[in-house]
Amino acid sequence: MIAMVFQLLGGIGLFLMGMVLLTDGLKAYAGEALREALVRFTGTPYKAFVSGALVTLMVQSSSATTVTLIGFVSAGLLAFPQAMGVVLGASLGTTGTGWVVSVLGLKVSLGFYALPLVGLGALLRLLATGRARALGLALAGFGLIFVGIETLQAGMQSLAGAFDLAALPSAGLRAHLAAVGIGAVMTVIMQSSSAAVATALTALHTNAVNFEQAAALAIGAAMGTTVTGALAAIGGTVHAKRTALTHVLFNLATGAIALLLLPALLWALALAQRYAGLEPGAVSLAAFHTAFIGLGVAIFLPFIRRFAGWIAWLLPEKGPRLTGHLDDTLLQAPAVALEATRRTLVDTALELVELLDALLSHAAGPADEQRRAEVQAALERTQRFFAQIPSTDADAPLSERRFAQLHGIDHLMRLQGRLGPSAETRQGLAQPALAPGVGQCREVLALARSRLAGLAPAGWEARLEQEALAIAERRRGERLAILRQTADGDRGPFEAMAALDAIRWLERVAYHAWRACHYLAERDAGGAEPPTVLDD
């Protein structure tokens, strides 16, 4: 009895450790390429579904995909309907593990032959450098999976000899619910639906349970895997909570549908075994797992946008408007956290540009005070979040992004300081002689707005630089003209000082708007600060 328990626990532990190592190794080996692929190929919910399925097949963990996805949604890298497509794809992709176990792990005794793979992977992990170390981790994990399956299989054979679990009630709703509950609890304890399904496959292969019981266990495993995503969303943004809720509702609904249609699904499998050559046993259970998840996808995917709208209605936006993407859980992934910071700075910059343009058009009103306070609070929150992002000195591209964002924050702070011009500056801006300069500054702000919104035409930066430098040149020329007019008695000294303050204010607004757009543009590296120096 003790040997049987040890074998079962050891087999499950080896399988779980193999899954963890394989997942971590593949994610580290793929690096940014895997994350960029997930973001790039999710233009529509259907593309997002395919991306989610393929990524999950690669990393062999729907939980890993879902947790990563929650970070992407929190950072604003993915829109919510796209994220829902990835969730559905991840749920289907995780069924691939069942096929690997049933076709290879149980049919062929690979545990012994997988041991050299574990040794090779460990050596690579210890001795190699760079991505080869991550590859070694993945190889060791892959080998451990088969060692674990073989150990688990031996333990299940002992269990089948000691207890006749197949003799327990398997028909009827109560029996099915009990098996579903066991499958869900197994998944929660193991934190892996793949491990729970592998256990069910092994139990079926060794006749420890019958097919109907194993099918109910697989349904329970699919329902239990929602716990990991739900835990990852605790304390997260509303975007993270929406994604986690999607995962929970889809898997629970799919599991409930599979449980209600279990007799029909079993009948369809029997037909496939008889007429399509589907192999009975573990392979049929893997097919059942894929079939009922695929059925859920077929039901939900066509209505995914309506489903997204309903989820958004259940969990409406709350909290600060400009800093909704700054989720502290993103700090564990510096690249994602930096992108969340950049997007927050872009949103804040858009708000600043609109406020400055309203001020120049003399349309600023009392309501703008609240928006000004929001901008100030957003910049302070962003700076605190940015300061908590772990150092990325070893990663040159990320260091360049940090460098660019520091410049962006600096320019936005200076722009924010221009929101409250003095009474003299306001008086100067209203002078008819400065109307051309005001119009030129508004053109800079309009171009900056289009750039920040992603609508700027090609060559936007050269044009923005040209306009900003033209205002600087205008300031130098008009300053001398204003001083000469004052000396000649054509202007009063107070009027002249107001005009000088106003033209200097216009120059600095244009300059900081240009440089903020330069550093917040969607690219990895910033450029060098131009030689122009402005005293503040």
Being under 20 Å from residue 184 (Cα atoms) and free of Cβ contacts under 8 Å to residues at least 40 places away in the same chain narrows 264, 253, 287 down to just 287
Within the range 411-429, of all residues that are in a helix (DSSP H, G or I) and farther than 23 Å from residue 449 by Cβ, the one least open to solvent (accessible area, probe 1.4 Å) is 428
Checking 314, 249, 301, 295 in turn, the sole residue that is among the hydrophobic types (A, V, I, L, M, F, W, C) and open to solvent by 60 Å² or more (accessible area, probe 1.4 Å) turns out to be 314
Here the residues within the range 267-292 that are open to solvent by 40 Å² or more (accessible area, probe 1.4 Å), hydrophobic (A, V, I, L, M, F, W, C) and closer than 23 Å to residue 176 by Cα are 267, 268, 270, 271, 291
The condition of being open to solvent by less than 60 Å² (accessible area, probe 1.4 Å), farther than 17 Å from residue 517 by Cα and part of a helix (DSSP H, G or I) holds, among 359, 352, only for 359
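Part of a helix (DSSP H, G or I), surrounded by 13 or more Cβ atoms within 10 Å (Cβ to Cβ) and at pLDDT 90 or above: which single residue out of 439, 408 fits that description?
Matching residue, one of 439, 408: 408.
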Expected output for the range 492-510 (first residue under 11 Å from residue 441 (Cα atoms), partner among the basic types (Lys, Arg) and surrounded by 24 or more Cβ atoms within 10 Å (Cβ to Cβ), Cβ below 9 Å, 6+ apart or cross-chain) is none
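Going by the structure shown, is residue 386 over 23 Å from residue 321 (Cβ atoms) and either modelled with pLDDT of 90 or more or under 25 Å from the mean Cα position of the chain (by Cα) (or both)?
Numbers: over 23 Å from residue 321 (Cβ atoms): no; either modelled with pLDDT of 90 or more or under 25 Å from the mean Cα position of the chain (by Cα) (or both): yes.
Spelling it out, it is not the case that residue 386 is over 23 Å from residue 321 (Cβ atoms) and either modelled with pLDDT of 90 or more or under 25 Å from the mean Cα position of the chain (by Cα) (or both).
I'd like to check which helices (runs of 4 or more DSSP H) are fully inside the range 67-156 and have at least 3 residues that are modelled with pLDDT of 75 or more, of a type in the set (Gly, Ala, Ser) and in contact with a Phe, Trp or Tyr (Cβ under 8 Å, 6 or more places away or on another chain).
On the way: elements: 80-93, 96-100, 111-127.
Those helices (runs of 4 or more DSSP H) span 80-93.
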Among (1) assigned to a helix (DSSP H, G or I); (2) closer than 26 Å to residue 387 by Cα; (3) not aliphatic (A, V, I, L, M), residue 318 falls short only on (1)
Here the qualifying pairs (Cβ atoms under 6 Å; residues six or more apart or on different chains; first in the range 209-228 and farther than 14 Å from residue 265 by Cβ; second of a type in the set (Gly, Ala, Ser) and modelled with pLDDT of 90 or more) come out as 223/255
Can you find a residue that is hydrophobic (A, V, I, L, M, F, W, C), within 29 Å of the chain's Cα centre (by Cα) and either within 30 Å of residue 321 (Cβ to Cβ) or not in a helix (DSSP H, G or I) (or both) anywhere in the range 249-272? yes
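The values are calculated or read from the model by the stated rules, or taken from the named source; none is laboratory data. In this text, all values refer to a predicted model and were calculated from it rather than measured experimentally. Cβ atoms come from the backbone with ideal geometry, glycine included; neighbour counts cover every protein chain shown. Quick note on the areas: whole protein, heavy atoms, side chains included, nothing else; ligands and nucleic acids left out. Shrake-Rupley method; radii C 1.70, N 1.55, O 1.52, S 1.80 Å.
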